Amino acid sequence: MAYRNILVEREDKIAIVTINRPQVMNALSAETLGELEQVVGELESAADVRAVIFTGAGDKAFVAGADLHEFPPTNAEEGRAAVERVQNLFFRIERMGKPVIMAINGFAVGGGCELAMAGDIRIASERAQLGQPEIDLGILPGWGGTQRLPRLVGKGMAKYLIFSGERLSAQEAQRIGLVDFVVPPDELMAEAKALARKLAEKPRITMALAKKAIEEGLEVDLERGCVIEAAYFGLTCATQDRIEGVNAFLEKRRPHFVDR
């Protein structure tokens, strides 16, 4: 399907989703968000896509937040409804049953930082900058920023970044745990694709269950988290891929997973 604001490419077992509005730093308009909802729906159910990369067009921005020509709403009820729609979209990205890599090629601020945090792994260009500057617009992060940021960097640092609106370099973002890897700009997509291809070769069912165990376990205490882990571990033991993985290890060969 063709989109006005998004490019979707498929290479082998991976999909690359590019926010394609470089003239406005890839800001997320209502139309763009609607297209993202359609894309995510397609990729959620695409059995031939085993890993997904999100990035932005051009070399200046990953996503420079919401499109301020359309934002913010003028009353509390409209504001709440507007952010809940995007929160639900980002939850779908976060809970997609396949690894999601965010390739951050420039500014990832406001809603762009929040989109990046909904991914599983964040790889940033050395020129990238990240932050939550909403305070200077008289609003707070509403697309999950007040919740995901402290889970990634800790409560104190998250409060500092949200209260101050300060932007971080890619290197500083990596130091505090907001970004996982930093690479030269001309290597960003190659690194993201290499990682996506590597993860795409892993057993799909086990990958999805491992992701669920991590995400669900973070919302409870350690003991209950281990109960979740044990339940999902049990499910992996009942798969053909578990048998294949063990046999391949013992026979010193590469496994051939069949997703069953």
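Read-outs throughout are calculated quantities, based only on the coordinates presented, and are distinct from any laboratory measurement. Keep in mind it's a predicted model, so treat the numbers as computed, not measured. Ideal geometry is used to build each Cβ from the backbone, glycine not excepted, and the neighbour counts take in all protein chains shown.
Points to keep in mind about this one:
- Candidates Met25, Met96, Met157: whichever shows maximal mean-square fluctuation once the chain is modelled as a Gaussian network with Cα springs under 10 Å: Met157
- Against the main long axis of the alpha-carbon atoms of the chain, helix 76-94 sits at an angle near 30°.
- Each Cα pair of region 121-165 feeds into the Kirkwood radius, which the Stokes-Einstein equation turns, at 20 °C and 1.002 mPa s, into a diffusion coefficient of 191 µm²/s.
- The chain - share of DSSP beta bridges that are antiparallel (%, nearest 5): 30
- Interchain or long-range residues, amide H under 5 Å from Ala128's placed H: Ala170
- Orientation-averaged projected area, Cα convex hull of the chain (nm²): 15.0
- Close amide-amide hydrogen proximity is noted between Ile104 and Ile123, Ala124, Ser125, each under 5 Å apart and 5 or more residues distant or on a separate chain (H modeled in the peptide plane; Pro and chain starts excluded).
- For region 49-59, 3J(HN,Hα) computed residue by residue from phi via the Karplus equation (6.51, -1.76, 1.60; θ = phi - 60°) reads 9, 10, 7, 10, 10, 10, 8, x, 6, x, 10 Hz, glycine and proline entered as x.
- Stokes-Einstein D for region 153-228, Kirkwood Rh over Cα pairs, 10 °C, 1.306 mPa s (µm²/s): 103
- Eligible aspartates and glutamates near Lys13 by straight Cα distance, threshold 12 Å, same-chain separation 8 or greater: Asp48, Glu201
- Taking 0.36 nm per residue of separation and subtracting the Cα-Cα distance, full extension of the segment from Arg151 to Glu126 would add 6.6 nm.
- Total formal charge among the other residues, if their Cβ is under 10 angstrom from that of Val86, Lys/Arg +1 and Asp/Glu -1: -2
- Of the GluC sites (Glu not before Pro) found in region 28-78, those in coil by DSSP whose Cβ has at most 16 other Cβ atoms within 10 Å are Glu70.
- With neighbours defined as other Cβ atoms within 10 Å of a residue's Cβ, the residues Leu89, Leu149 order from fewest to most as Leu89, Leu149.
- Helix 240-250 vs. the chain, principal-axis angle (Cα, 0 to 90°, nearest 10): 70
- Gyration tensor (alpha-carbon) shape descriptor, region 32-90, a/c threshold 1.5: oblate
- Compactness of region 204-250, taken as the C-alpha radius of gyration over 2.2 N^0.38 Å, stands at 1.26.
- The phi torsions of region 35-43, fed into the Karplus equation with coefficients 6.51, -1.76 and 1.60 and a -60° offset, translate into couplings of 5, 4, 4, 5, 4, 4, x, 5, 6 Hz, rounded to whole numbers, with Gly and Pro shown as x.
- Environment charge of Met207, counting only residues whose C-beta is closer than 11 Å and scoring Lys/Arg +1, Asp/Glu -1: +2
- Sequence-ordered 3J(HN,Hα) estimates for region 153-168 from the Karplus curve with 6.51, -1.76 and 1.60 and θ = phi - 60° stand at 10, x, 5, x, 5, 4, 4, 4, 5, 6, 5, 8, x, 5, 8, 10 Hz, glycine and proline given as x.
- Radius of gyration, Dmax [region 1-138; alpha carbons; angstrom]: 14.4, 46
- Cα gyration tensor shape for region 63-201, rounded if a/c is under 1.5, else prolate or oblate: prolate
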